[in-house]
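The values are calculated or read from the model by the stated rules, or taken from the named source; none is laboratory data. All of these numbers come straight from a predicted model, not from anything done at the bench. All Cβ positions, glycine included, derive from the backbone under ideal geometry; neighbour counts span all protein chains shown.
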Amino acid sequence: MRLIDYFRQGLRRDPGRTAFIDGETRVTWAETEVRVEAIASALAASDLWAGCRIAVYSPNDAMAFTVILGAFRLGAVWAPTNARNSAVANQHWLTLSGCQALFYHSSLEAEALALAPILQAPGLLVCLDRAGSAGAPSLESFLTRGGDPAPEPPDGPDVLASLFPTGGTTGLSKAAQWTLRTWEALIGAFWQCMPSVTPPVHLVAGPMTHAAGGLALCSLPGGATNVILRKPAPELILDAIERHGVTHLYLPPTLIYALLDHPGVRERDFSSLKYLVVAASPIAPAKLREAMEVFGPAVCQCYGQAEAPMFLTFLHSADLIEGPDERWSSCGRPTLGVRVEIMGPDGEILGPRQRGEIVCQGSLAMSGYLGDPQATAEVSHHGWRHTGDLGYRDEQGFVYIVDRAKDMIISGGFNVFSAEVEQVILEHPAILDCAVVGVPDAKWGEAVKAVVELKAGAALDPAELIALVRAKLGPVHAPKTVEVWDALPRSPAGKVVKKEIRDRYWAGADRQVG
């Protein structure tokens with residue numbers, strides 16, 4: 001199915017239902033459809049057709065979402081462009097994706113004008129919320145260019161629909177190609193894992209260019225109301241849940257930790273929540289238990305990446321409530337329509353409890369990296385899509401992530417999985433967030449180092465933290481040193497960027513291993 005078909009399914013459920021809530025502004029599904037058709041018509045009148053590349057450069061905004069839907073109505077390819085990325089990263093991204101049009105919010109006008117020369121012909125530049133500088137029309141003015149309805153977009157499983165950035169935490173992003181087949185698998189998995197008889201009320205708290213935006217699009221066929229937050233501040237999230245009766249919400253672990261530490265969170269009303277989805281990176285089991293106590297049985301977890309989005313696996317709250325203690329460390333079981341296995345170094349599929357790389361097959365996987373056959377081949381050995389994550393599965397098929405392959409520390413010849421150490425550190429009541437990295441050491445080659453961010457007003461004795469890890473995991477995994485930072489570096493998606501931390505300690509070294 002085409003992406004606009006999912007929108008039309010939601011529209012037919014109840015055209016008068018609210019589609020978007022953005023501050024005090026409410027827009028119905030019927031009003032959104034009128035705008036979507038007008039955008040597609042104006043794009044066609046501007047010599048942009050199915051297959052063209054369109055970027056939307058904006059903070060979370062209902063009109064920005066509407067432009068994305070208008071692009072899908074045309075059959076254009078959406079290239080998410082994050083407002084929090086650096087200028088260099090966005091220049092690279094627009095060049096790589098071959099964008100021909102950029103819709104921007106006025107708060108980012110200086111950056112958008114700097115990006116304009118990168119656009120390919122016709123090089124369309126439109127300001128979402130007012131008339132722009134340098135001749136950029138407002139969106140309202142742009143819509144007057146339209147006339148006849150845009151032609152219906154093409155259909156077929158291999159039609160390219162989106163170019164999704166791989167994140168760029170270890171360098172500039174690659175472009176993962178999502179076809180209509182990818183989107184169909186993603187939307188199907190969303191409804192398989194999180195069924196809802198009534199239309200969802202989905203809170204877009206994280207950047208719409210990442211998982212929060214993806215889930216907003218997944219919710220469309222159910223006639224959802226998407227509540228837009230401009231920034232993911234804990235107080236705003238808590239207020240929005242109560243005010244709008246939010247049923248669906250995605251948050252990365254870092255925001256879960258911030259919410260759990262927020263004053264008065266335990267006095268709030270979360271009775272409307274059906275699904276609080278934790279994703280983007282592994283969450284510490286102790287924090288997941290605390291989240292279940294605070295937010296109730298809505299808490300669940302999924303696992304995916306740009307190359308196989310969101311729902312490679314899913315962990316329902318019932319899996320946790322009814323399962324053994326070990327399961328709190330799991331990211332769930334494979335969803336329908338995808339195969340997930342653990343692979344050894346020679347391509348062999350490993351059995352239960354054997355550690356190796358997590359690999360997948362199925363419709364959810366991207367079709368490859370745009371313009372990079374070598375990188376595509378590197379993640380496609382033995383006929384499987386390689387995730388770069390290390391883990392194992394248990395006898396019931398639950399998958400456990402133990403680390404990113406690049407984050408594994410080799411200390412004195414022993415493998416130390418940094419994520420396992422981080423999970424123990426996060427049990428300490430003073431710790432808000434942490435990162436464990438290997439640093440140069442004359443004796444061990446690499447020494448385990450913990451860099452931590454404390455909760456407000458908390459104090460820490462490093463020796464106490466080292467002793468905690470030693471008691472839980474043994475001396476090899478115990479950090480040799482602990483540093484307290486005011487704030488850990490994070491990516492635009494909210495992930496802690498270990499590369500920036502690691503680089504501080506390896507600067508000037510010939511290599512990044514001991």
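Pick out the one residue from Pro165, Pro232, Pro221, Pro195 that is over 16 Å from Ala280 (Cβ atoms) and either of a type in the set (D, E, K, R) or in contact with a helix residue (DSSP H, G or I) (Cβ under 7 Å, 6 or more places away or on another chain) (or both).
Pro221
Would it be correct to say that Pro334 is at negative phi and modelled with pLDDT under 95?
Criteria not met by Pro334.
In the stretch 194-244, which residues are aliphatic (A, V, I, L, M) and assigned to a helix (DSSP H, G or I)?
Ala211, Ala212, Leu215, Ala216, Leu217, Leu220, Leu236, Ile237, Leu238, Ala240, Ile241
Here are some conditions: (1) within 23 Å of Gly368 (Cβ to Cβ); (2) touching a His at 6+ places or on another chain (Cβ under 9 Å); (3) crowded, with 19+ Cβ neighbours inside 10 Å. Gln100 meets all but one. Which one does it not meet?
The number of the failed condition is (2).
Considering only residues of the stretch 210-233 that are closer than 9 Å to Asn60 by Cβ and out of contact with any Leu (no Cβ under 9 Å at 6 or more places or on another chain), which is modelled with the highest pLDDT?
Top of the filtered list is Gly213.
Being over 23 Å from the mean Cα position of the chain (by Cα), assigned to a loop (DSSP other than H, G, I, E, B) and surrounded by 18 or more Cβ atoms within 10 Å (Cβ to Cβ): is that true of Gly167 here?
Against the criterion (over 23 Å from the mean Cα position of the chain (by Cα), assigned to a loop (DSSP other than H, G, I, E, B) and surrounded by 18 or more Cβ atoms within 10 Å (Cβ to Cβ)), Gly167 does not qualify.
The conditions are (1) in contact (Cβ under 8 Å) with a residue 12 or more places away in the chain; (2) out of contact with any strand residue (DSSP E or B) (no Cβ under 7 Å at 6 or more places or on another chain), and Ala110 fails exactly one of them. Which is it?
(1)
May I ask you to verify whether Gly368 is surrounded by 15 or more Cβ atoms within 10 Å (Cβ to Cβ), touching a residue at least 24 places away in the same chain (Cβ under 8 Å), on the phi > 0 side of the Ramachandran plot and not assigned by TED's automatic domain parsing to the domain that holds Asp461?
yes
Take the residues of the stretch 283-340 that are among the polar types (S, T, N, Q) and in a loop (DSSP other than H, G, I, E, B): which is farthest from Ser219 (Cα to Cα)?
Ser330
Output the number of residues of the stretch 295-322 satisfying the condition of being over 19 Å from Ala185 (Cα atoms) and either surrounded by 16 or more Cβ atoms within 10 Å (Cβ to Cβ) or not assigned by TED's automatic domain parsing to the domain that holds Leu238 (or both).
Residues in the stretch 295-322 being over 19 Å from Ala185 (Cα atoms) and either surrounded by 16 or more Cβ atoms within 10 Å (Cβ to Cβ) or not assigned by TED's automatic domain parsing to the domain that holds Leu238 (or both): 7 in total.
Would you check if there is a residue in the stretch 153-161 being small (Gly, Ala, Ser), touching a Lys or Arg at 6+ places or on another chain (Cβ under 9 Å), part of a strand (DSSP E or B) and under 20 Å from Ala64 (Cβ atoms)?
Yes, the conditions are met somewhere in the stretch 153-161.
Given (1) of a type in the set (Gly, Ala, Ser); (2) in contact with a Leu (Cβ under 6 Å, 6 or more places away or on another chain); (3) part of a loop (DSSP other than H, G, I, E, B), where does Ser271 come up short, assuming only one miss?
(2)
Which is in a strand (DSSP E or B), crowded, with 24+ Cβ neighbours inside 10 Å and of a type in the set (A, V, I, L, M, F, W, C), of Ala19, Ala71, Ala42, Ala64?
Testing whether each residue is in a strand (DSSP E or B), crowded, with 24+ Cβ neighbours inside 10 Å and of a type in the set (A, V, I, L, M, F, W, C) leaves just Ala19.
For the stretch 128-157: of the residues being under 19 Å from Ser58 (Cα atoms) and aliphatic (A, V, I, L, M), which is nearest to the chain's Cα centre (by Cα)?
Leu128
If I ask for residues that are touching a residue at least 24 places away in the same chain (Cβ under 8 Å), surrounded by 14 or more Cβ atoms within 10 Å (Cβ to Cβ) and either not hydrophobic (A, V, I, L, M, F, W, C) or not in a helix (DSSP H, G or I) (or both), which ones from the stretch 459-469 would you list?
Leu460
Inside the stretch 45-77, can you point out the residues that are farther than 16 Å from Leu139 by Cβ and more than 25 Å from the chain's Cα centre (by Cα)?
Asp47, Trp49, Ala50
Can you tell me which residue is surrounded by the most Cβ atoms within 10 Å (Cβ to Cβ) among those in the stretch 22-39 that are hydrophobic (A, V, I, L, M, F, W, C) and touching a residue at least 24 places away in the same chain (Cβ under 8 Å)?
Ranking the candidates gives Ile39 first.
Collect the residues in the stretch 341-369 that are basic (Lys, Arg) and out of contact with any Leu (no Cβ under 8 Å at 6 or more places or on another chain), keeping them in residue-number order.
Passing the criteria: only Arg353.
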